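So the structure is just underneath, and the comments pick up after that.
The values are calculated or read from the model by the stated rules, or taken from the named source; none is laboratory data. Predicted, not measured: the structure shown is a model, and the values here were computed from it. Quick reminder, even Gly has a Cβ in these numbers, built from the backbone with ideal geometry, and neighbours come from all protein chains shown.
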Amino acid sequence: MIRTSALLLTILALSAPDAVLAQKGARGTAAEGRVLFHSPALSTNGLACINCHSDFDEQREPDGLMRAGHPLYNATQRATFWGQQENDPDRYQSIGDAAVVCVEHFMKNPDKLTARQVESLSEYLKFKSPRPLTDALALTAAADKTGQYLGHDGGDRIRGRELFYSACHVCHPNANGGIGVPIPRDKDPAFYARKVREGDGLGAVLSGLDANAFALSAGNFMPFFGADRLSKSELRDIIAYLRSLPAQ
Ligand code: HEC
Ligand code: HEC
């Protein structure tokens, strides 16, 4: 946990919202936030918030897709974000501030967010919080502390195909390159498991596996899938599907 907060401090420092201060006073709106949430306007790689976070009740109204980040429905009033401690003086003060790191890192936008954009996203997510939950939501980054990723073979490739299209196709269309790179078919199960659990490295840092796995300046941006977003058995099935595909 200590290591986690240290990382979050680093992220926070790197994401200091200078633009925010410069534009104090600008008024954002929920309508503008809705567009920012759904369109790739904020990114340089084609990603939008909706690719990684749902803004609706996933349990009651599933849309068939599986996203790497937590749902942001009913989330505006959460005590903390990114698994931060409630007594951490440097914790993100609002859901809009907690999004800055996603824009800078996952969406590769060095301009971060303007004050107006933070406000618009916050207003939209407030609108999407009819019954806000106040408990903090833990991060469940699930990198294998041994680094070995054993036990990811023997999955069901038929089920894996369906899961692949729900969770990975958006960035790896038909397992080829798109927003992400083409996925090789001939690797050991551990290769795929590591990438899904660690993503661009942030999953390894947040799990306490390797404090140096993540560099904000690196070009990587695959999001890690935590244990509450993709179970081990689902991951195993996806891996069986990928390994069953013909060589490219
Ligand atoms: C490429 C995927 C990706 C994109 C795009 C992305 N995020 Fe995230 N975001 C994540 C991941 C992974 C986390 C880690 C915590 C988690 O499980 O939600 C996260 C965390 C967050 C959190 C903290 C959630 C929590 O449960 O504490 C907020 C708030 C957030 N993102 C907002 C946004 C907003 C708003 C956008 C669009 C401007 C955005 N994110 C774009 C992947 C993404
Ligand atoms: C939001 C976009 C996104 C999603 C969703 C995504 N990936 Fe990726 N993936 C990437 C990017 C981008 C890369 C290139 C490396 C990086 O940026 O971290 C990558 C790289 C990979 C690699 C390494 C390829 C290599 O040759 O090194 C594998 C394996 C992989 N992804 C598997 C998956 C699987 C399986 C899923 C679904 C569970 C998935 N990805 C979901 C964006 C994504």
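Numerical summary
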{"read-out": "The stretch 111-127 - residue that is part of a helix (DSSP H, G or I) and among the acidic types (Asp, Glu) and, of those, farthest from Asp55 (Cα to Cα)", "value": "Glu119"}
{"read-out": "Verdict on Ala204 being out of contact with any His (no Cβ under 9 Å at 6 or more places or on another chain) and either of a type in the set (Val, Ile, Thr) or assigned to a loop (DSSP other than H, G, I, E, B) (or both)", "value": "no"}
{"read-out": "Selection count, the stretch 92-110, where residues are closer than 14 Å to Pro40 by Cβ, assigned to a loop (DSSP other than H, G, I, E, B) and either more than 16 Å from ligand 2 (Cβ to nearest atom) or touching a helix residue (DSSP H, G or I) at 6+ places or on another chain (Cβ under 7 Å) (or both)", "value": "2"}
{"read-out": "Residues being under 13 Å from Ala136 (Cα atoms), of a type in the set (Gly, Ala, Ser) and crowded, with 16+ Cβ neighbours inside 10 Å - total across the stretch 49-93", "value": "2"}
{"read-out": "Residues of the stretch 41-76 that turn out to be more than 9 Å from ligand 1 (Cβ to nearest atom), free of Cβ contacts under 8 Å to residues at least 24 places away in the same chain and not acidic (Asp, Glu), as a count", "value": "5"}
{"read-out": "Among residues of the stretch 186-205, those that are within 12 Å of ligand 1 (Cβ to nearest atom) and on the phi < 0 side of the Ramachandran plot, counted", "value": "7"}
{"read-out": "Test: Gly147 is small (Gly, Ala, Ser), assigned by TED's automatic domain parsing to the domain that holds Ser231 and surrounded by fewer than 16 Cβ atoms within 10 Å (Cβ to Cβ)", "value": "no"}
{"read-out": "Every residue from the stretch 158-185 that is within 14 Å of ligand 1 (Cβ to nearest atom) and either assigned to a helix (DSSP H, G or I) or assigned by TED's automatic domain parsing to the domain that holds His70 (or both)", "value": "Ala167"}
{"read-out": "Scan of the stretch 159-200 for residues that are among the acidic types (Asp, Glu), more than 6 Å from ligand 2 (Cβ to nearest atom) and crowded, with 17+ Cβ neighbours inside 10 Å, ordered by number", "value": "Glu198"}
{"read-out": "Inter-residue pairs, beta-carbon under 6 Å, first closer than 19 Å to Thr140 by Cα and in the stretch 217-243, second polar (S, T, N, Q), 6+ apart", "value": "Gly226/Thr140; Ala227/Thr140; Asp228/Thr140"}
{"read-out": "Inter-residue pairs, beta-carbon under 6 Å, first within 24 Å of Val101 (Cα to Cα) and in the stretch 182-202, second at pLDDT 95 or above and outside any loop (DSSP other than H, G, I, E, B), 6+ apart", "value": "Val196/Leu235; Arg197/Gly203; Glu198/Ala204"}
{"read-out": "Failed item, numbered, when Gly208 is tested on (1) in contact with a Leu (Cβ under 7 Å, 6 or more places away or on another chain); (2) more than 10 Å from ligand 2 (Cβ to nearest atom); (3) on the phi > 0 side of the Ramachandran plot", "value": "(1)"}
